[in-house]
Amino acid sequence: MNAADSAEMLLHLAARGCAQTEDLDTADIVLLNTCTVRDHAEHRALSFLGRLAKWKAAKEGRVIIFAGCAAQRLGKSVRRKFPQADIIAGAKNIDGFAEIIDNSRLFAPAGAQSGQEQSGLIGLVNITRGCGFKCAYCIVPYVRGEAHSLPPEIIFKETRRKLDGGAAEIMLLGQVVNGYNYKGLNFSGLLKELIQLPQLKRLRWMSPHPAFIDEEFAQTIALSQKLSRHMHLPVQSGSSKVLQEMKRGYTREIFLEKIKLLDQAGVRVSTDIIVGYPTETQKDFEDTLSLLDAVPFTGAYCFKFSPRALTPAAALPPIPEEVVEKRLDILLNKVKQSSKAAYARQTGSVQPVLFETPQNGRTLTNFWVRTTRKYKIGEITDIEIKEAKETILLG
Ligand code: SAH
Ligand code: SF4
């Protein structure tokens, strides 16, 4: 989502005559787009901003834009503590970014044409903004605001622009991407319309929420080989008690039913897990471990619980750090085994691979493949999987 937001902000900068560079020495402007989901991410952004003071002082006229979720949360105090930040543009203001930079008077006026964006092979398209849930640990609704779905005309325009700019695959984005609903057009309905676009080779989405996985969705998936057979579906915990305390809106049993539905539709699933939620007992943790036995996840990101300001969970007494560390260690080991087994199961299969480099691409189920022969970038070719390494298939 941040990558998509960055691309959007870069387009506005490009319209004002800026060209992109990754090289700090030659840059005149730094656009720092931030995340505040966990304390660690925010901390890294702030320490980078601190280091930029020297960069700014080294040459007259250098500009720093501090943007995104941490900017939303910390705007005023950043202004006070980091005077080097010229512009602060919070995540809620992404639609108003052009106005913010114009008001700063640090940029030339926008030209009539911003030119065709070079999308790269995967085009990121936002379809919802904000979040309508209030999971007890999560700061996202506070920094990204209320949920709303973008009108299909805008989504189609963006998608076409990315496809014209060279994208073969489109990744639809939203905090609860499959909760999309614009005047009765739901997520399945939107997918059905988007797959009609002839230039589109693959359609993926992130992040879906278990609450919106239903029969209609499973039937929609079956309609087209353009539709991803992989989903990153965060579960957070394997304990129904913890899930309820987290206010996730489903139990372990309901999650397992959704997984069954997806499995029947041929969809492979990876997930996010939070370890050390304040009320997580040893028994709850074991429930999470046993969920990994019950569901053949292809991978999982595991996060230590990070107390975030404004969220109810931040007020709960934390569990000791050494307990959390130990649980994380055990969990990571288990995830590694589960992922290794998922890769191993692919050996011997033939799968359509979309090539992102001449010898690397992804299966429709989102496994990364390396081939001995070279193929055309952006094309889909059936590849026989000969061998599975821990995080890559050889074809
Ligand atoms: N909207 C997505 C998740 C967005 S945040 C969803 O609901 O599935 C991305 C991930 O960060 C979450 O899935 C969660 O695992 C993790 N996360 C969010 N808040 C956290 C916190 N306070 N501490 C640790 N991990 C957190
Ligand atoms: Fe955060 Fe929950 Fe919204 Fe995901 S659904 S962004 S975890 S509040």
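When the residues of segment 361-395 are narrowed to those that are acidic (Asp, Glu) and outside any strand (DSSP E or B), which ends up modelled with the lowest pLDDT?
Of everything passing the filter in segment 361-395, 390 is modelled with the lowest pLDDT.
Tell me yes or no: at least one residue of segment 68-85 is in a helix (DSSP H, G or I), in contact with an Asp or Glu (Cβ under 7 Å, 6 or more places away or on another chain) and surrounded by 22 or more Cβ atoms within 10 Å (Cβ to Cβ).
yes
Just the residues that are surrounded by 13 or more Cβ atoms within 10 Å (Cβ to Cβ) and acidic (Asp, Glu), please, taken from segment 338-383.
356 - this is the single residue of segment 338-383 that is surrounded by 13 or more Cβ atoms within 10 Å (Cβ to Cβ) and acidic (Asp, Glu).
Considering each of 354, 393 in turn, give the residue that is of a type in the set (A, V, I, L, M, F, W, C), under 23 Å from residue 262 (Cα atoms) and touching a residue at least 60 places away in the same chain (Cβ under 8 Å).
354
Within segment 11-60, how many residues are open to solvent by less than 80 Å² (accessible area, probe 1.4 Å), part of a helix (DSSP H, G or I) and of a type in the set (Gly, Ala, Ser)?
Count: 7.
Check whether at least one residue in segment 125-142 is under 27 Å from residue 264 (Cα atoms) and either hydrophobic (A, V, I, L, M, F, W, C) or open to solvent by less than 30 Å² (accessible area, probe 1.4 Å) (or both), and report yes or no.
Within segment 125-142, one or more residues are under 27 Å from residue 264 (Cα atoms) and either hydrophobic (A, V, I, L, M, F, W, C) or open to solvent by less than 30 Å² (accessible area, probe 1.4 Å) (or both).
Starting from segment 303-320, keep only residues that are modelled with pLDDT of 95 or more, then list their pairs with residues that are within 12 Å of ligand 2 (Cβ to nearest atom) and open to solvent by 70 Å² or more (accessible area, probe 1.4 Å) whose Cβ atoms are within a distance under 6 Å, requiring at least 6 positions of separation or different chains.
Filtered contacts from segment 303-320: 306/38.
So for segment 87-97 (the condition being more than 16 Å from ligand 2 (Cβ to nearest atom) and open to solvent by 60 Å² or more (accessible area, probe 1.4 Å)), does at least one residue qualify?
yes
Do we find a residue being β-branched (Val, Ile, Thr), away from ligand 2 (no atom under 16 Å from the Cβ), touching a Lys or Arg at 6+ places or on another chain (Cβ under 7 Å) and closer than 15 Å to residue 125 by Cβ anywhere in segment 146-167?
Checking segment 146-167: not a single residue is β-branched (Val, Ile, Thr), away from ligand 2 (no atom under 16 Å from the Cβ), touching a Lys or Arg at 6+ places or on another chain (Cβ under 7 Å) and closer than 15 Å to residue 125 by Cβ.
Please return the ranges of helices (runs of 4 or more DSSP H) entirely within segment 93-189 where 3 or more residues are charged (D, E, K, R) and either without any contact (Cβ under 8 Å) to a residue 60 or more places away in the chain or in the same structural domain as residue 61 (by TED's automatic domain parsing) (or both).
Details: elements: 97-103, 140-144, 152-164.
Answer list for segment 93-189: 152-164.
Among the residues of segment 193-205, how many are within 21 Å of residue 352 (Cα to Cα) and either part of a strand (DSSP E or B) or not aliphatic (A, V, I, L, M) (or both)?
8
Could you say which residue among 193, 215, 169 is of a type in the set (D, E, K, R) and within 19 Å of the chain's Cα centre (by Cα)?
Result: 169 is the single residue among 193, 215, 169 that is of a type in the set (D, E, K, R) and within 19 Å of the chain's Cα centre (by Cα).
Does residue 228 satisfy being in contact (Cβ under 8 Å) with a residue 60 or more places away in the chain, within 16 Å of ligand 2 (Cβ to nearest atom) and either more than 16 Å from residue 133 (Cβ to Cβ) or not assigned by TED's automatic domain parsing to the domain that holds residue 292 (or both)?
No.
I'd like the full set of residues that are of a type in the set (Ser, Thr, Tyr) and farther than 12 Å from residue 65 by Cβ, limited to segment 1-31.
As a first pass, look at segment 1-31 and keep what is of a type in the set (Ser, Thr, Tyr): 6, 21, 26.
21, 26 - these are the residues of segment 1-31 that are of a type in the set (Ser, Thr, Tyr) and farther than 12 Å from residue 65 by Cβ.
Collect the residues in segment 178-199 that are buried (at least 21 other Cβ atoms within 10 Å of the Cβ) and within 23 Å of residue 146 (Cβ to Cβ), keeping them in residue-number order.
178, 180, 187, 190
Condition test on residue 259, is it within 13 Å of ligand 1 (Cβ to nearest atom) and β-branched (Val, Ile, Thr)? Quick ask: steps written out before the conclusion?
Details: within 13 Å of ligand 1 (Cβ to nearest atom): no; β-branched (Val, Ile, Thr): yes.
For residue 259, the condition - within 13 Å of ligand 1 (Cβ to nearest atom) and β-branched (Val, Ile, Thr) - is not met.
Considering only residues of segment 261-287 that are more than 16 Å from ligand 2 (Cβ to nearest atom) and hydroxyl-bearing (Ser, Thr, Tyr), which is least open to solvent (accessible area, probe 1.4 Å)?
For segment 261-287, the residue satisfying everything is 279.
For residue 288, all conditions in the list (1) in a helix (DSSP H, G or I); (2) under 22 Å from residue 43 (Cα atoms); (3) within 13 Å of ligand 1 (Cβ to nearest atom) hold save one; what is the number of the exception?
That leaves (2) as the condition not met.
Please tell me if residue 293 is open to solvent by 40 Å² or more (accessible area, probe 1.4 Å), assigned to a helix (DSSP H, G or I) and of a type in the set (Asp, Glu).
So residue 293 fits the description; yes.
The values are calculated or read from the model by the stated rules, or taken from the named source; none is laboratory data. Quick caveat, the model's predicted, so the values are computed rather than measured. Note: ideal-geometry Cβ built from the backbone for every residue, glycine included; neighbour counts use all protein chains shown. With ligands, DNA and RNA removed, areas are computed over all heavy atoms of the protein, side chains included. Shrake-Rupley method; radii C 1.70, N 1.55, O 1.52, S 1.80 Å.
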